Amino acid sequence: MRIFDPHIHMSSRTTDDYEAMADAGVTALVEPAFWLGQPRTNVGSFVDYFASLVGWEPFRAAQFGIAHHCTIALNPKEANDTGLAKDVLEVLPRYLAKDRVVAVGEVGYDSMTPAEDEVFAAQIALALEHELPLMVHTPHRDKLAGTTRSLDLLREQGFPPEMTIIDHNNELTVEVLADTGVWMAFSIYPDTKVDEHRMVSILQQYGTERMLVNSAADWGRSDPLKVRKTADAMLAAGFAQADVDTVVWDNPVAVYGQSGRLELGGGPADPDALFEGSSIKRGGS
């Protein structure tokens with residue numbers, strides 16, 4: 001089974017996770033830009049982080065046969081530092097032009113402040129300018145209100161629904177989104193958000209069209225194998241293999257393929273990945 005995890009933060013994961021994901025069938029992923037657990041204090045911190053997403057992580061993933069892509073943006077949680085946000089918005093175009101950057105994201109709301117409105121609107125404009133899909137983060141608090149407010153702003157800005165991924169959904173938000181034409185993504189977590197069994201129930205009710213499932217694994221309690229576990233739960237519930245393939249491969253390829261930057265020929269893991277006794281090749285001759 002080929003699996004594409006369309007939202008996972010590999011910068012916070014180990015090489016053991018890459019190996020386990022490859023063994024589970026993951027051959028492609030998207031790593032969205034996000035916050036680091038505490039606020040950054042200068043634009044250089046963002047520059048270094050963005051550089052790692054387009055440079056180091058694709059190299060690290062390739063050694064396990066996984067095609068790494070990313071999205072670039074100022075996360076809504078950091079949009080309220082208005083001075084710093086202005087500086088970050090100025091450097092984003094440099095990275096939105098890079099290979100394997102397949103969307104602008106994560107954008108959206110955290111606390112739904114006027115500053116977040118401004119940064120969200122600016123990044124919608126950047127996605128339009130660069131002709132890239134947009135990954136929208138729905139807030140952890142007051143998720144339904146944040147989802148409807150996001151839809152309102154997207155419509156005001158004229159952003160096409162077929163280029164929009166609304167993420168971190170649940171049973172309430174899918175009711176709002178089902179007829180909008182956007183792509184609906186669900187983060188599958190051990191304790192919070194939605195687990196694989198709830199996800200199966202959602203798919204049974206709403207079908208597989210425009211549906212994405214991701215692990216959203218980061219430095220918190222999460223599981224980088226949750227997309228595979230959702231696929232297995234779908235099969236156990238009676239879904240056909242073709243339906244599973246739609247959710248865990250065809251849909252992410254379709255939405256991110258609109259960027260024109262997917263590179264899915266990852267190939268097998270590099271048998272010569274070690275370098276001078278290190279656990280991962282770091283360069284040299």
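Applying the criteria of a DSSP loop state and at most 12 other Cβ atoms within 10 Å to the trypsin sites (Lys or Arg not before Pro) of the range 75-157 yields Arg141.
Taken over the chain, lysine pairs spaced eight or more positions apart, or on distinct chains, with alpha carbons under 23 Å apart number 8. Measuring spread by the Cα atoms of the range 1-84 yields a radius of gyration and Dmax of 14.0, 46 Å. Springs join every pair of Cα atoms under 10 Å in this Gaussian network model of the chain, and among Ala127, Ala217, Ala97 the largest mean-square fluctuation is at Ala97. The protection proxy used here, the mean number of other Cβ atoms lying within 10 Å of each residue, ranks peptides 219-230, 11-22 as follows, highest first: 219-230, 11-22.
Taking each residue as 0.36 nm, the span from Trp219 to Gln205 lengthens on full extension beyond its C-alpha to C-alpha distance by 1.8 nm.
Between His140, His68, His168, the residue with the greatest mean-square fluctuation in the GNM of the chain (Cα pairs under 10 Å linked by springs) is His140.
In the chain, the DSSP-assigned H stretches of four residues or longer account for a calculated mean residue ellipticity at 222 nm of -12000 deg cm²/dmol, using -39500 (n - 2.57) per stretch and the full residue count as denominator. Could you please state, rounded to a whole Å, how far the C-alpha centre of the range 180-235 is from the C-alpha centre of the range 35-78? Taking the Cα centre of each part, the range 180-235 and the range 35-78 sit 23 Å apart. Looking only at Ile124, Ile202, Ile72, which one moves most when the chain is put into a Gaussian network model with springs between Cα atoms under 10 Å? Highest fluctuation of the listed residues: Ile202. The range 183-250 has equivalent-ellipsoid semi-axes of 19, 12, 11 Å, by the square roots of 5 times the alpha carbon gyration tensor eigenvalues, sorted largest first. Annotation: extensible slack from Val47 through Asp16 equals 8.5 nm (criterion: 0.36 nm per residue apart, minus Cα-Cα distance).
Remark: the range 36-152 projects, on average over all directions, an area of 7.5 nm² (convex hull of Cα atoms). Relative intensity of the range 125-200 on a log10 scale, I(q)/I(0) at q = 0.15 Å⁻¹, equals -0.51, per a Debye sum over C-alpha point scatterers of equal strength in the absence of solvent. The modelled label-to-label distance for the pair Asp87/Ala125, using points 7 Å beyond Cα in the direction of Cβ, is 2.1 nm.
Computed over protein heavy atoms with a 1.4 Å probe, the accessible surface of the chain works out to 41 Å² per residue.
Where does the chain land on Rg/Rh, using Cα atoms and the Kirkwood Rh? Walk me through the numbers on the way to the answer.
Values: Rg = 18.0 Å, Rh = 19.0 Å.
Rg/Rh for the chain comes to 0.95.
The values are calculated or read from the model by the stated rules, or taken from the named source; none is laboratory data. Not measured: the values here are computed from a predicted model. Backbone-built Cβ (ideal geometry, glycine too); neighbour counts: all protein chains shown. Note: accessible area is taken over every heavy atom of the protein model, side chains too, but ligands, DNA and RNA are not part of it. Shrake-Rupley method; radii C 1.70, N 1.55, O 1.52, S 1.80 Å.
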